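Report on the structure given below.
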Amino acid sequence: MSRWEPNARERLARAALDLYDERGFEQTTVAEIANRAGLTERTFFRHFADKREVLFSGGVELQERMVGGVRDASDGAAPMDAVAAGLAAGGEILDERRAFAVKRAGVIAASAELQERELIKLASLAAALADALRERGVAEPTASLTAQAGMAVFHVAFARWVDEANELGLPEVIRESLDELRAVTAGTP
């Protein structure tokens, strides 16, 4: 194998996701991932800390985009509207990577270990959104409640979005889910 391979990170991610989907996360080794990608294990570890990180490495970018959306919301935006802007910004990233996101969701659903890691990442994201709200001057407990409600909307919208019957983009599904939450909290069915 040559010392430099173009798109090594993407090739490794695709190979890992395909193997996780075919064989299961627990049954797949780093050596198998590297082999499928036509690379070495050493190359794998230059790009990912471990085989789980293949599935979670995009979390930093997603968090930055969502927090940026909250920060960039108009000055007079209500806390939930600021969070909605953050969710929409994050939804745009995932919408561009739908095939990967759908397959990733299936792999995570099949592994208790990965489900736990996903919940930890979502909790970190909620904390980051709450921090962004506090930076906007939103007091507690409103900042935390709004961030948690926003993450509930995101979680429900994401599950709806990865459903094979869904044809809408994630930002649109997020808006629909947010409208449903608003209807519930307003006391309308």
Look at Glu41 and say whether it is within 24 Å of Asp163 (Cα to Cα), without any contact (Cβ under 8 Å) to a residue 60 or more places away in the chain, of a type in the set (D, E, K, R) and outside the structural domain of Glu180 (by TED's automatic domain parsing).
-> no
Test Ala132 against the criterion of being at negative phi, outside any helix (DSSP H, G or I) and over 16 Å from the mean Cα position of the chain (by Cα), and give yes or no.
-> no
Output for Cβ contacts, cut-off 7 Å, separation at least six or different chains, first residue under 15 Å from Gly86 (Cα atoms) in the stretch 115-130, second crowded, with 17+ Cβ neighbours inside 10 Å and among the basic types (Lys, Arg), reads none
Return the pairs, sorted by first residue and then second, in which the second residue is surrounded by 12 or more Cβ atoms within 10 Å (Cβ to Cβ), the first residue lies in the stretch 178-189 and is in the same structural domain as Ala82 (by TED's automatic domain parsing), the beta carbons are less than 7 Å apart, and the residues are 6+ apart or on different chains.
-> Leu178/Ala84; Leu178/Val153; Leu181/Ala149; Leu181/Val153
Among the residues of the stretch 167-175, is any on the phi < 0 side of the Ramachandran plot, part of a loop (DSSP other than H, G, I, E, B) and loosely packed, with under 15 Cβ neighbours inside 10 Å?
-> yes
Val162 in the same structural domain as Ala73 (by TED's automatic domain parsing), surrounded by 15 or more Cβ atoms within 10 Å (Cβ to Cβ) and under 15 Å from the mean Cα position of the chain (by Cα) | yes
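The values are calculated or read from the model by the stated rules, or taken from the named source; none is laboratory data. Bear in mind the structure is a predicted one, so any value in this text is a computation, not a measurement. Note that we place each Cβ from the backbone using ideal geometry, even for glycine, and neighbour counts take in every protein chain shown.
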